[in-house]
Every structure is written in C-alpha cells, then in structure tokens.
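First comes the structure, then the notes that go with it.
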Amino acid sequence: MTKKPDETLQFDRELFKRSVRYNVKTMFRKNIEDASSQEIFQAASYAIKDVIVDNWMRTQKEYEKKDPKMVYYMSMEFLMGRALGNNLINLKAYKDVAECLDELGMDINVIEDEEPDAALGNGGLGRLAACFLDSLATLGYGAYGCGIRYKYGMFKQQIRDGYQVEVPDNWLENGNPFELRRPEYTKEVKFGGYINVYKDENGKDVFKHEGYQAVRAVPFDIPIVGYGNGIVNTLRIWDAEPVECFQLDSFDKGDYQKAVEQENLARNIVEVLYPNDNHYAGKELRLKQQYFFISASVQEAVAKYMRTHDDIRNFHEKVTFQLNDTHPTVAVAELMRILMDEYGLSWDEAWDVTNKTCAYTNHTIMSEALEKWPIELFQRMLPRIYQIVEEINRRFIIEIERKYPRETGITDEKIRKMAIMYDGQVKMAHLAIVAGYSVNGVARLHTEILKNQELRDFYEMFPEKFNNKTNGITQRRFLLHANPLLADWVTDRIGDGWITDLSKISKLKSAADDANARKEFMDIKYRNKVRLAKYIKENNGVDVDPNSIFDVQVKRLHEYKRQLLNILHVMYLYNLIKDNPGMQFYPRTFIFGAKAAAGYKNAKLTIKLINSVADVINNDKSIGGKLKVVFIENYRVSNAEIIFAASDVSEQISTASKEASGTGNMKFMLNGAITLGTMDGANVEIVEEVGAENAVIFGLSSDEVIAYENNHSYNPMEIYNADPDIRRVLNQLVDGTYSPDDHERFRTLFNSLLNTESTDVADRYFILKDFRSYAYAQKQIENFYTDSNRWAKAAILNVAASGKFTSDRTIQQYVDEIWHLDTVKLPKKKQ
Ligand code: 26Q
C-alpha cells in the first residue's frame, strides 16, 4: 500500500522558483542571473518563510482551540546554528529546493554557506536548548523558547600567529530573514529605585516601585519547524529599546540625565553574549540581562494565560517553566511578584503556583560555575525581587529548623550550607531548588553525584524533587542534514522511520556483520573525510590525508575537558616516531576545534600550544606524514556538522566526574565514530548501549577522582620523577622545542601540572595520573583501526546503538515525568 501524501507537506516547486525570482527583484532590484549568493540566500529564505508562516498560524490557532499545557524553556542561550537548511529538512523540502536551486543555476551548499550561524550560546547548554526546541515541535508539544536577542553572539575566533583572537560576531548585519518583530507584545522592565509600601483601603500592603529606570523589551519571534508534521513553535528572543526616545525637551524638564541613562541601559543590556562556559563571572550587566529577559517572558506568559483564563491560581495547570541552569532563576521571584503585586494573591497562594510552575536543570558540578550574586548588588538592582527572595529565604530557614531542630546540633551547619542568602551572597541554585518542583541532572552519573555529593543536603530534604534526564541530540540536524550520505545509506537499509523514532536505528545492527555493508559504510566515511579535508585546506591551509585516522576533539576549551592531555600525548607520539623511525605507525590526523573564554589564560595558552605543536610536526618531513595536527579555526555549529560526519575517533577525555553529560559524544556516535573516553557524563551510558568492546575507555573513575580530591593525596611530581617519557614531554614545554623564540611561553602550563611555584593544587585535572592509561588506550585505537573489518563493525554498531541519545527521547521523559504536557496534532489542511 502506498501512503497518501499529506497535502500540507506537498512542496510547490514552481511557486518556490517564482517566489525566489520575485523576491530577488523586489528586494534587490535585480534579475536572478545578476544576484549574488547572499542575495539568493535572502530571497530563498523569504520564500521558505512564506511557507512556514502558514503553518505557524495554523499551529497557533490550534493551540488556542485546544488550550494544551505548554512549556516555557527559559534559557540565556540558544545555539541555533543556521536555519535555512534545517527548516528545509523539517519541511521535508530539502531535496526539492536543492533541485530548484540547481535549475536556477545554484548550488544549495553555497547558498547555505551564506547564512551566518545564530550563535546565541557558548556550547553544550545552548545547543541542548536548540535540540530540545526541535524535538518539542517534532513531537507536537506546545513550547516557547524564551531568550535574549544578543546583538553580538559568540565571538568569531581567528587564529593569528597561533593565538586566539576574538572578533565580534555581527550576525544581524544582513538582517535575519526568519525572524518577526512583535512590537504588540512589548513589555516594560524596571531596574533600580526603591519600594514604597502603602496600605490600600482594605488595609492590605501595596508595594510601589519608584525612582526606577525602565527598558522596553520588544520580542522577536523565530519559527521552530517540527519535522513533517506542520507544527511550528516559537523561539521568542527579546530586544531592548529605550522607554521613550531621547527627547530634547526632557532636558528642559530636568531629567536629561535620566533620559541618557535609560537609553544607555537599553543599548547595553542585549549587546553581547558572555563568552564563558562553565564559569561564573559576577558581572552586574549579566544579572541585568537575566532579569531583563525573565521579567519580559514571565509577564508575557501570565498575560497570555489571562487572555483566555480567569483564575491565575490555576496557572500551573497550563504552564510550566523549565530553567536552563540557574541563569534564569530570578523567574521564581518575578512570578511571585506578579502574582502578589499585580494579581493580589496571598504569599501562600503565590508560592503554591510558583512551586508547581518552576523546574530546574543543573548542568555542572564545577564549583566555579555556581552563580552567587552579592546581596548588595541584588538589592540595589532588583529591590522588589530582593524583598521576595529574602522572604523565601526566611521561610526556608524556618523549614530547615523544623526538619533539623536545635537538639540535633546540626541546625546551624544546615543553615550555613543550605540558606539561599548567606555570607552576603544570593545562591541561585539554592533558590531554584527550594522554589521549584523538580531538579534534574543531565546524565545518570551526574545526577547521582548531585544527589550524593554536591546537593546532598537538598536531596535529603526534598528527595521527591530529584530526577535524571540524560541529554540527547536531534538526529534531524546531526545526521539527516549533517551527513546526507550516511543518512541515505541508513534509510536504504532500514527505511526512514529513524528520523522521528531513533530507536529504530537498532535495525542497523545486522549490517555490522555484512561485509558489503561494512565496505559501503567505510566508503561513506572516506567521502566525508574528503569533504572535511577540503574544508580544512580551504579554511586553514593544511593538507590532511583522508586515509589517515581522523581523531577529533571539538568542544569548548576548558581545563577539565583536558585538551592538554590530548596534545601532550601527541608530543609523546612525536618523540616515539622520531626515536624509532622504522616503527609501525598508522597515519593519524589529530583535529582540534575549540573556543576559549576571552579571559581564560590557561585555555588560550593551550590553543597556542596546539598550534605550536602543529607547526613543528606538520613541517617535519622526516616523519613521512605519519602525524598531522590541525586546529580548526572558529569551531561552531555549521562546521561541526561537517566534522562529526568525518570523524573516526571521538575524544571524550574529561576528568571523570567533571563533565555533566557531554552531547558532542552523542553526535560522534550517531555518525559512526568510536569513543575514546573516560567513564564520565553520558560516556557511561554510551558504553552501556554500545558495549565496552566497541569503545575504548581509560582513566580514573569518578569515585577515584573524588576520593583523591577529598584526601588531597595525589602528587603529580611522583609521576614526573618516575616516568621518563612523561618527564621528557613536560620538559619540552619549557625547553623551547615548541617555542624556540621564548622558552618560557608555556611555563604556566608546566606549572599548572607540577605546581612548583604556587600553592594551588597541582594537576587539578589528573592529567599525569591518566596519561599512561590514555596512551595505552590510544595504542588500542590504532590496533583496532588496523583491523579494518573489526573497526567498521564497531563503527556501525555505534550508529545502531545511538537510539537512546535522541533529544526526542529526552523530551518525552521531560514530558512524562516533569512537565505533563498535552500533545497537539494539526487537522488536515483544507484546500
Ligand atoms: C554563568 C554566569 C556568568 C556568565 C556565564 C555563565 C555560564 C554560561 C554558560 C555558565 C555556564 C555555561 C554553560 C554551561 C554548559 O554548557 N554546560 C554543559 O551543559 C551541557 C548540556 O547539559 C552538558 O552536556 C555539559 O556536560 C555541560 O558542561
């Protein structure tokens, strides 16, 4: 039986081509033959937006009719990447449009390359939010993403003389064809000033905010297209504008100063994304950004609810807020404020609603990433929010005293460890845990560490709130769009059900035992490696051999992720090859890609080290091209898609216990790379799914790491003294091997490992401790790859075992166990 095509998804090719020609003419006064690739990109995007807008309106109508419960995913970051290709994929129109463009004389890849990445995020946390929006729309759940329309997203990285240089990312330069400005939903957000308390006629306290500065929050909506189901949800990002345009006559009124200040406030607030990943920077402007988008989003959520309901006390039946880490946590106090001050609810009524509305996801156990704001700043910037948080804290302390009465002798210790405000600081994680109904970690191991170590006291008090939601990724972007060759191969073998149900990909298992399938798979991998080699040649000017093993570590640069371990091992291999010119060695290309936070010294120096090692090794003719090192400039979502598809080895080598989950690990697996990793984050579950024989695992366990940390019993100097190979590599950091012009250049990296010069912990991330075990694992990788049948089998089995790691599964678990949303199906379109 042939399936009846859903007429809502029929793509009208003639209409599209007409529309592109028409758009080129009206937008640029040109004929298509004279238009640039950028102009075609614009014209095509507007043509696609037309198609999307129809579905968008139908979806929102259906939501009005069915009134489903919805999630507001509150996040400072949405790392969306490019929209055009992804929208075409989800409209099931990619191949149609590729052919149409071809008929018009254009290559779709060239057109897609004209689009800047929407890089409104740092790394994993921001990309997770983007994958979640894709899954929510595809599964038919009503959802809003709420965030900030940063004028400048994640900086562009240039490498000059081996060093990272940050260049502003002016992503809106040519406009954003897919966004829609919605001035009718503008909100006002207030900062500073003071709170006056009056009694109303019933003797009730009224809190009046006075002497504040205000900013207008204006939303821009971006469509989130579900895969093949006609659903279009909304990512709503807020821009800031001054409340009133700067008027000269305000000078006469004497508030000239205030008018200038309000204009500056608006200009500054959404200027730029903070480029820190897993690191808290206690900047005043960052707190302003947080309250700005949260106040606007919560105001709008409440206003929208009240347009169709009459009792705000049932808000939580239709709305849930998911807080993406603690960054949006002021939402709990803002909701309390609106419920009490604007809708007149009592404290208890407001608390009940807030508690049933807010849920919090934790993404890290790294203590330097925990948000703690000085109380003074909080009080000055957000006077009413401060009062509310103070009252939440007061009541929570009473609860602690009730649970741990004085006679237990631990009351004060519990208060010290658990209070929301303590020692002059507001602890956002504590606020999020206390005020919400759910706390989740992002991989099983991570959640266990939260429960048993980091958040142990809270788990003891609120065990029912804690749950795990192992992260996932969308296969639509990271296989269907990123790797069309493999996607088609998979579909030819098992049908296309995997696109919306990744558990079906397990049907590929049998292909692992089929010699022909293995050959086809390795051919596809090879072609993807050729594609990446071409990208590297064009963008970095380095020649790499697609027949070598592509060993890849791409992710933010952070000491806990241990790019330094990787490059030290490369230095070790180079020594080995130089010492033993005749040795068997399978050619290997080590590929890195990483942005370092602008102020993170050791991270930036590690980039310089990688590039310096690359310089020496890549130019050493004597090693016959056996080793290559490449640092891919400006790693981002769009080139990640090319990189994952071409990878053989997935480096997931964080110090055990430090990487909450990781999501790159899943993207590599889906594309048939083999994990070389520690038992950290979601690696544990990847190995569980694929089997230990199809991954290479090394290093300390998280329990061992935590034990060393608690006893302070690790001394890297012993390893340095005992192991000549390690000693030699470390000495090469400071003997000019990789820095002939300045032997001291890498001294701080050397010191961070051995700590000969300060009182800091030496080798905090156990690089020397894990070095031998890593080198052995790398040797296993080589042996493994040399047995090409065995390797191909393992690679296919990785793809086949990746079903668990779809964000569709993650979202379904959020829905079933936290949010309890209703699904919505669109009715068939009437012609
Ligand atoms: C905080 C305060 C001030 C400025 C910046 C920040 C800030 C910004 C971004 C703190 C943390 C982040 C990002 C954290 C992050 O990306 N965490 C990653 O989240 C992924 C998704 O759950 C996990 O897979 C990764 O393991 C985790 O590192």
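The values are calculated or read from the model by the stated rules, or taken from the named source; none is laboratory data. Quantities reported herein were computed from a predicted structural model and do not represent experimental measurements. Here the Cβ is made from the backbone with ideal geometry for all residues, glycine too, and neighbour counts use every protein chain on show. Areas reflect the complete protein model, heavy atoms only, side chains present, ligands, DNA and RNA absent. Shrake-Rupley method; radii C 1.70, N 1.55, O 1.52, S 1.80 Å.
Taking Asn671, is it modelled with pLDDT of 95 or more, over 23 Å from Asn362 (Cα atoms), touching a Ser or Thr at 6+ places or on another chain (Cβ under 8 Å) and away from the ligand (no atom under 15 Å from the Cβ)? Considered against the rule, which asks whether it is modelled with pLDDT of 95 or more, over 23 Å from Asn362 (Cα atoms), touching a Ser or Thr at 6+ places or on another chain (Cβ under 8 Å) and away from the ligand (no atom under 15 Å from the Cβ), Asn671 comes out as yes. Here is the figure for the range 665-714: residues that are open to solvent by less than 10 Å² (accessible area, probe 1.4 Å) and among the acidic types (Asp, Glu) total 2. Residues that are among the hydrophobic types (A, V, I, L, M, F, W, C) and more than 26 Å from Leu285 (Cα to Cα) do occur in the range 416-428, at least one of them.
Close contacts from the range 487-513, counting a first residue that is on the phi > 0 side of the Ramachandran plot and a second that is modelled with pLDDT of 95 or more and surrounded by 15 or more Cβ atoms within 10 Å (Cβ to Cβ), with Cβ to Cβ under 6 Å and a gap of 6+ residues or different chains, come to none at all.
Looking at the range 84-130, which of the residues that are touching a strand residue (DSSP E or B) at 6+ places or on another chain (Cβ under 7 Å) and away from the ligand (no atom under 16 Å from the Cβ) is nearest to Tyr280 (Cα to Cα)? Break it down stepwise before answering.
So in the range 84-130, the residues touching a strand residue (DSSP E or B) at 6+ places or on another chain (Cβ under 7 Å) come out as 87, 90-91, 117-121, 125-127, 129-130.
Add one more test, that the residue is away from the ligand (no atom under 16 Å from the Cβ), and what stays is 87, 90-91, 117-118.
Values: Asn87: 34, Asn90: 36, Leu91: 39, Asp117: 25, Ala118: 23 Å.
That would be Ala118.
What pairs come up if the first residue lies in the range 124-138 and is basic (Lys, Arg) and open to solvent by 10 Å² or more (accessible area, probe 1.4 Å), the second is within 14 Å of the ligand (Cβ to nearest atom) and part of a helix (DSSP H, G or I), and their beta carbons are under 8 Å apart, counting only those six or more places apart or on different chains? Pairs that qualify, where the first residue is basic (Lys, Arg) and open to solvent by 10 Å² or more (accessible area, probe 1.4 Å) and the partner is within 14 Å of the ligand (Cβ to nearest atom) and part of a helix (DSSP H, G or I), are Arg127/Val637. With respect to Tyr73, is the statement that it is aromatic (Phe, Trp, Tyr), away from the ligand (no atom under 16 Å from the Cβ) and either farther than 30 Å from Tyr274 by Cα or open to solvent by less than 50 Å² (accessible area, probe 1.4 Å) (or both) true? So Tyr73 does not fit the description; no. Residues of the range 252-277 that are of a type in the set (Phe, Trp, Tyr) and either within 20 Å of the chain's Cα centre (by Cα) or crowded, with 17+ Cβ neighbours inside 10 Å (or both): Tyr274 alone. Within the range 120-173, the set of residues being assigned to a strand (DSSP E or B) and among the small types (Gly, Ala, Ser) comprises Ala143, Gly145, Gly147. Of the residues making up the range 580-615, those that are of a type in the set (A, V, I, L, M) and under 34 Å from the mean Cα position of the chain (by Cα) are Ile591, Ala594, Ala596, Ala597, Ala598, Ala603, Leu605, Ile607, Leu609, Ile610, Val613, Ala614. Of the candidates Tyr720, Tyr738, the single residue that is assigned to a loop (DSSP other than H, G, I, E, B), at pLDDT 95 or above and either aromatic (Phe, Trp, Tyr) or within 23 Å of Asp680 (Cα to Cα) (or both) is Tyr738. Identification of helices (runs of 4 or more DSSP H) wholly contained in the range 446-561 with 2 or more residues that are under 28 Å from the mean Cα position of the chain (by Cα) and over 30 Å from Asp703 (Cα atoms) yields 484-494, 515-540.
Of all residues in the range 754-810, those that are surrounded by fewer than 15 Cβ atoms within 10 Å (Cβ to Cβ), modelled with pLDDT under 95 and of a type outside the set (A, V, I, L, M) total 5. Among the helices (runs of 4 or more DSSP H) confined to the range 326-432, the ones with at least 2 residues that are farther than 22 Å from Met70 by Cβ, open to solvent by less than 40 Å² (accessible area, probe 1.4 Å) and away from the ligand (no atom under 16 Å from the Cβ) are located at 383-403, 411-418. Among the residues of the range 559-605, those identified as under 20 Å from Tyr774 (Cβ atoms), open to solvent by 10 Å² or more (accessible area, probe 1.4 Å) and either acidic (Asp, Glu) or within 16 Å of the ligand (Cβ to nearest atom) (or both) are Glu559, Lys561, Asp579.
Quick one: would you say Tyr280 is within 29 Å of the chain's Cα centre (by Cα), among the aromatic types (Phe, Trp, Tyr) and open to solvent by 40 Å² or more (accessible area, probe 1.4 Å)?
Spelling it out, Tyr280 is indeed within 29 Å of the chain's Cα centre (by Cα), among the aromatic types (Phe, Trp, Tyr) and open to solvent by 40 Å² or more (accessible area, probe 1.4 Å).
When Phe321 is tested against (1) more than 16 Å from the ligand (Cβ to nearest atom); (2) within 30 Å of the chain's Cα centre (by Cα); (3) assigned to a helix (DSSP H, G or I), exactly one condition is not met: (3).
Do we find that Val649 is within 16 Å of the ligand (Cβ to nearest atom) and of a type outside the set (Gly, Ala, Ser) in this structure? Considered against the rule, which asks whether it is within 16 Å of the ligand (Cβ to nearest atom) and of a type outside the set (Gly, Ala, Ser), Val649 comes out as no.
Flag not set for Ile294, criterion: among the β-branched types (Val, Ile, Thr), open to solvent by less than 40 Å² (accessible area, probe 1.4 Å) and over 29 Å from the mean Cα position of the chain (by Cα).
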